[in-house]
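To start, the structure under review is shown below, and the notes come after it.
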Amino acid sequence: MLNQFFGTGTVLYSPHVSGWEEAVDRVTRPLLSLGTIRDEYVEAIKTAIRSPGGTYIDLGYKIALAHARPEMGVLKTSLSVLHVAQSFLLADSPEHPISTMFCLAAESNERHLELMKELALLLSDAKWREQLESVSSEEELRCVFTGEEEES
């Protein structure tokens, strides 16, 4: 189900980012380009992370889910993901190293819950998490989500 929300150019890989703010900028950029979110949505995510308790988006396993309320600038339900080889610290907190950041933009609370449920299913799969942590390219990352073999 998640695949239908990944638009063109929304699966990203990078060897590293300078920090969590760059990660948010990079993971939201494709959704801005596709017109599924507005700039206010990006700022709402950053504000939430900067706020006390902002590390709540850390889902464990070095995975974070950047999101905000639909009324903060979601135009269409969409999803993007950024995986980095070198972890960064969420909210500059050593207790929260992150190597994969999703951006979830849902038009409604119901859609938000549906997508969260789908992500939870993936995150509960140890084999999937192992594959995710070992990717080293956008193509490999895309294959982790589609379940397809990488083309040689």
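The values are calculated or read from the model by the stated rules, or taken from the named source; none is laboratory data. Quick caveat, the model's predicted, so the values are computed rather than measured. Using ideal geometry, Cβ is built from the backbone for each residue, glycine included, and neighbour counts are taken over all protein chains shown. All accessible areas refer to the heavy atoms of the entire protein, side chains included, with ligands and DNA or RNA removed. Shrake-Rupley method; radii C 1.70, N 1.55, O 1.52, S 1.80 Å.
Things to note:
- When each of the peptides 71-84, 106-119 is scored by the mean number of other C-beta atoms lying within 10 Å of its residues, the order from highest to lowest reads 71-84, 106-119.
- For the chain, the tally of Lys pairs with Cα-Cα distances below 21 Å comes to 6, considering only residues 8 or more apart or on different chains.
- Fraction of antiparallel bridges per DSSP, the chain only, in percent to nearest 5: 55 percent
- Between Glu138 and Ser93, residue separation times 0.36 nm minus the direct Cα-Cα distance comes to 13.5 nm.
- Computed helical MRE - 222 nm, the chain, DSSP H runs ≥ 4 contributing -39500 (n - 2.57), nearest 500: -12000 deg cm²/dmol
- Net lengthening on full extension, Glu43/Thr146 (0.36 nm per residue, minus Cα-Cα): 34.1 nm
- Expressed as a whole percent, the accessible area of the chain that falls on carbon and sulfur atoms is 49 (1.4 Å probe).
- Mean separation of Cα contacts under 8 Å (6+ apart) over length of region 1-133, as relative contact order %: 30 percent
- Using a probe of 1.4 angstrom and keeping all protein chains present, the accessible surface of the chain works out to 51 square angstrom per residue.
- Rounded FRET efficiency, nearest 0.05, which uses the C-beta distance separating Ser124 from Lys76 and R0 of 41 Å: 0.90
- Cα pair count fraction exceeding 29 Å, expressed as % - the chain: 8 percent
- Under the span-like rule (Cα at least 30 Å along the axis, Kyte-Doolittle mean at least 0.5), DSSP H helices of the chain: none
- Summarising the label geometry, the points placed 7 Å from Cα in the beta-carbon direction at Glu114 and Ser33 lie 2.6 nm from one another.
- Placing +1 on each Lys and Arg Cβ and -1 on each Asp and Glu Cβ, with no other charges, gives the chain a dipole about its Cα centre of roughly 400 debye.
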